[in-house]
Amino acid sequence: MEGPDGDDRRHNVDISGTNRTITLPDITNLAITPLTPSAEERRNLPPAVLGPASSSEPCESSSITGESPKCSQRFCRWCAQIVFFPVPKMKVKWEIRITDPETCSLCAFFRAVILQRDRYLSDQSKFFLLYDRHGWILRHDNYALKTPQIPSVILLLNMHKKIPPRQAKRVALMGRKIQHLCVDYPSIKAWLHSCALDHDQCSKAHTSITAIPGLRFIDCVTEHIIPACEASEQVYVTLSYVWGASSHVSGNATAAGPASVLPACLPRVIRDAVTVTRTLGYRYLWVDRYCIPQNDRSVKHIQIQSMGSIYACSTLTIIAAAGDDAEHGLPGVTSRPRIPQLSVDLGDFSVVEFHSPRYDIESSTWSTRGWTYQEAQLARRRLVFTDNQVYFQCQERYCAEGLTGKHTSAPWTAFPWPDSGRYCGVVWCRIIEFSKRRLTFDRDALEAISGILAKYYEDHGLKDGVGFFCGLPILPHKASSVNSSARGLLCEKCRESRSEGFGGTECLVRSLLWKDYWDYATDVPSETPRRTMFPSWTWAGWKSTSQFELIVYPLPGGTLECCCADVHAVYEEGGLILNWRDCAKQILELSLQGIKPVFLDIEGPCFDVSLLWREKEGWVYREPLAFALNDRTESFPPCMLEKSEGKVQKLVGLLLMKDTDTFNHKFESVHVLLLQPAQHDVKGWVFERLTSSSIQVFNEERMSQDDGSRTEVPRRLFEAALEKRKIRLR
């Protein structure tokens, strides 16, 4: 290789999975366009598109050990400091300056890796290379500032020879070179074979498919669609994908006797899924588009309701987490390659770029769709195709094409581990994640997560007394959580219901007090977030919009809670009215059947609320809750209240629960629903839930030490505003 003064400057920068030498072009006058490249542009991005040479003199020697005698690399003074191997014994950080990409192979590599993610790059940009036991992370000096952010670059070692055991212990993850033109089928088969032999949990289906009427499979050998009962085995693969705008090109299956024949022109993702299924040694594939009967409405409805079971029973779920539609296909299977992996050869080892599967999956279009959530959560084994690599995760381990070995814990686990056997309240974690996703049809809000709720009911319903009320988890109290001395502070009804452990009204009102937070996303004008086909008191009655992302979470647990309301469920058919305290199990059974009440009649302490809109502060309370006007604002759903300077909105606060501090009886938190009048009929106003709020109440008025303004509500003022009312909530 010629020196810095020669005409032929070359580096072993590998971009295609095989080592090859690339000539660096003269790009002294290259103008870098400040645009983030798309995935397609990044596939075609020349790694040798490097900046002008710097005047800094490269170093002849390097502190990088493990260098082959044949590798006469030259490094700039910044890159010569880096010790890739032996790996450091502790977390370290090196300052990186990309000063000489034409003669320093590491500068060339660093610049190519960053250009692949973001085109904002100055020749004088400063980077840091951080090491921990999971690998090296390359970050821009201004990563946390308002300048365009460059995603973290993860670098791993790909050893060319066996390393000493002591060194291997300090390297938790080792990298592999990825062939970008074709997926590594031998490795995938090895992952599946190891899982089938070693993991009992992955081999057990939670339900049986025999109870699903009209179930059909695609026979990947004959490409016929056959009834599941005629399949030679009940082992099948499922496909999870997004249709996007290309769904019109698929065509319909044609009848051929008792079976149907797939259309000749299949969407690329389905054609690729057939290829993967057949190559991995499976015969049958389930795809919703062709396997759900479209001409039998009753069977179609049953199968849509059973989609959770269909995915849970499959031996493997193929996830298409690349592209925006069904025509993108599965990268690396047929005609669409993956984005080439960048690497640099340093003699006895290479440094390879590793794309975090979690980041690739979470940033995909697939990850924004509501139906795909339970398809992945309920799958026993997941095989995810991204634009960078294939990722596999079962119930116990995960693997990736860019990693060696099998792993159980690392920062790149893409999906949560199974929740079986854990506290039943973890179902709220699944609801929180699901609520951020989008649905084409609002009516699917509960069906798209019904499989997950059914599984939690199966695991905890009978054992722990867990139920779901229009998607709202009803979780039991643990009587042991309240000591005998503190029980005396509860009212008589709450003491009785707590001894029962389930069915008390406090179980319901605690769920009704779920919290909502609206995270600002974009400047796109927002539509209404209400799903009017569901009650406003359940999370299913609300959705994220183009401008705001909805984040829901349960009311945090208190030390000593006391219910303040009585609840009746009012049904449309037959004028049925059921008291929750006496008929909780019957109400939950009706909910399991899809029968929801038209109203909840709640009787309890209420108070009038005045909210004032201020442009700089948002909505602030006025009397009787005129506390902390300088910092207390409320997060309301967008487009539900008219905002104009000085605008006052009249709401009603419904007190549902009090939480007394067992260590300081002067302190009390009251939890309320803030309700908006929605409709007036012959029986009075019908209200809708806007949000829930927690208010601190003290026996004595406390003054803040700074300006003397009130920071909490004094008990006398709060109780004076309360009056018992009967509220009809829809």
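The values are calculated or read from the model by the stated rules, or taken from the named source; none is laboratory data. Bear in mind the structure is a predicted one, so any value in this text is a computation, not a measurement. Cβ coordinates were reconstructed from backbone atoms using ideal geometry, including for glycine residues, and neighbour counts include every protein chain displayed. Protein only, heavy atoms only, side chains kept; ligands, DNA and RNA dropped before computing areas. Shrake-Rupley method; radii C 1.70, N 1.55, O 1.52, S 1.80 Å.
Those residues that are of a type outside the set (D, E, K, R), over 23 Å from Glu723 (Cβ atoms) and out of contact with any Phe, Trp or Tyr (no Cβ under 9 Å at 6 or more places or on another chain), I need them from the range 572-623; list them, please.
Gly574, Gly575, Leu576, Cys583, Gln586, Gln593, Gly594 - these are the residues of the range 572-623 that are of a type outside the set (D, E, K, R), over 23 Å from Glu723 (Cβ atoms) and out of contact with any Phe, Trp or Tyr (no Cβ under 9 Å at 6 or more places or on another chain).
Scan the range 273-282 residue by residue and report those that are in contact with a Leu (Cβ under 8 Å, 6 or more places away or on another chain) and either at pLDDT below 80 or not in a helix (DSSP H, G or I) (or both).
Within the range 273-282, Leu280, Tyr282 qualify.
I'm checking my understanding of the structure. Among residues of the range 541-596 that are at pLDDT below 85 and in a helix (DSSP H, G or I), which one is least open to solvent (accessible area, probe 1.4 Å)?
Across the range 541-596, the extreme among qualifying residues is Gly575.
Counting only residues that are open to solvent by less than 10 Å² (accessible area, probe 1.4 Å) and not in a helix (DSSP H, G or I), which one in the range 93-114 is nearest to Val153 (Cα to Cα)?
In this case the residue turns out to be Ile96.
Name the one entry in Ile226, Ile218, Ile270 that is open to solvent by less than 30 Å² (accessible area, probe 1.4 Å), more than 30 Å from Arg443 (Cβ to Cβ), among the hydrophobic types (A, V, I, L, M, F, W, C) and at pLDDT 85 or above.
Answer to the check: Ile226.
Please tell me if Asn630 is of a type in the set (S, T, N, Q) and at pLDDT below 80.
Considered against the rule, which asks whether it is of a type in the set (S, T, N, Q) and at pLDDT below 80, Asn630 comes out as yes.
Quick check on the range 310-317. Is at least one of its residues assigned to a helix (DSSP H, G or I) and either surrounded by fewer than 21 Cβ atoms within 10 Å (Cβ to Cβ) or hydroxyl-bearing (Ser, Thr, Tyr) (or both)?
Within the range 310-317, one or more residues are assigned to a helix (DSSP H, G or I) and either surrounded by fewer than 21 Cβ atoms within 10 Å (Cβ to Cβ) or hydroxyl-bearing (Ser, Thr, Tyr) (or both).
List pairs: first residue in the range 283-299 and in a loop (DSSP other than H, G, I, E, B), second residue of a type in the set (Lys, Arg) anywhere in the structure, Cβ distance under 7 angstrom, at least six positions apart or on different chains.
Ile292/Lys300; Pro293/Lys300; Gln294/Lys300
Taking the stated definitions as given, is Val171 open to solvent by less than 30 Å² (accessible area, probe 1.4 Å) and modelled with pLDDT under 65?
yes
Those residues that are loosely packed, with under 13 Cβ neighbours inside 10 Å and either over 22 Å from Pro263 (Cβ atoms) or in contact with a Phe, Trp or Tyr (Cβ under 9 Å, 6 or more places away or on another chain) (or both), I need them from the range 287-307; list them, please.
Passing the criteria: Arg297, Ser298, His301.
Within the range 188-213, count every residue that is in a loop (DSSP other than H, G, I, E, B) and at pLDDT 80 or above.
Of the residues in that region, 1 qualify.
Let me spell it out: the conditions are (1) in contact with a Lys or Arg (Cβ under 9 Å, 6 or more places away or on another chain); (2) open to solvent by 20 Å² or more (accessible area, probe 1.4 Å); (3) over 24 Å from His180 (Cα atoms), and Tyr457 meets all of them except one. Which number is the exception?
For Tyr457, the exception is condition (1).
Out of the residues in the range 424-444 that are under 18 Å from Trp518 (Cα atoms) and aliphatic (A, V, I, L, M), state the one that is least open to solvent (accessible area, probe 1.4 Å).
Ile431
This table checks each residue for (1) surrounded by fewer than 23 Cβ atoms within 10 Å (Cβ to Cβ); (2) among the acidic types (Asp, Glu).
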| residue | (1), (2) |
| --- | --- |
| Ile361 | yes, no |
| Trp371 | yes, no |
| Gln393 | no, no |
| Glu396 | yes, yes |
| Ser409 | yes, no |
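Condition test on Ala376, is it within 14 Å of the chain's Cα centre (by Cα) and either open to solvent by 40 Å² or more (accessible area, probe 1.4 Å) or at pLDDT 90 or above (or both)?
yes
(1) more than 19 Å from Leu138 (Cβ to Cβ); (2) in contact with a strand residue (DSSP E or B) (Cβ under 9 Å, 6 or more places away or on another chain); (3) surrounded by 21 or more Cβ atoms within 10 Å (Cβ to Cβ): which one isn't true of Phe349, the others all being true?
Going through the list (1) more than 19 Å from Leu138 (Cβ to Cβ); (2) in contact with a strand residue (DSSP E or B) (Cβ under 9 Å, 6 or more places away or on another chain); (3) surrounded by 21 or more Cβ atoms within 10 Å (Cβ to Cβ), Phe349 breaks only (1).
Would you check if there is a residue in the range 330-340 being closer than 27 Å to Ala228 by Cα, in a helix (DSSP H, G or I), within 28 Å of the chain's Cα centre (by Cα) and touching a residue at least 24 places away in the same chain (Cβ under 8 Å)?
no
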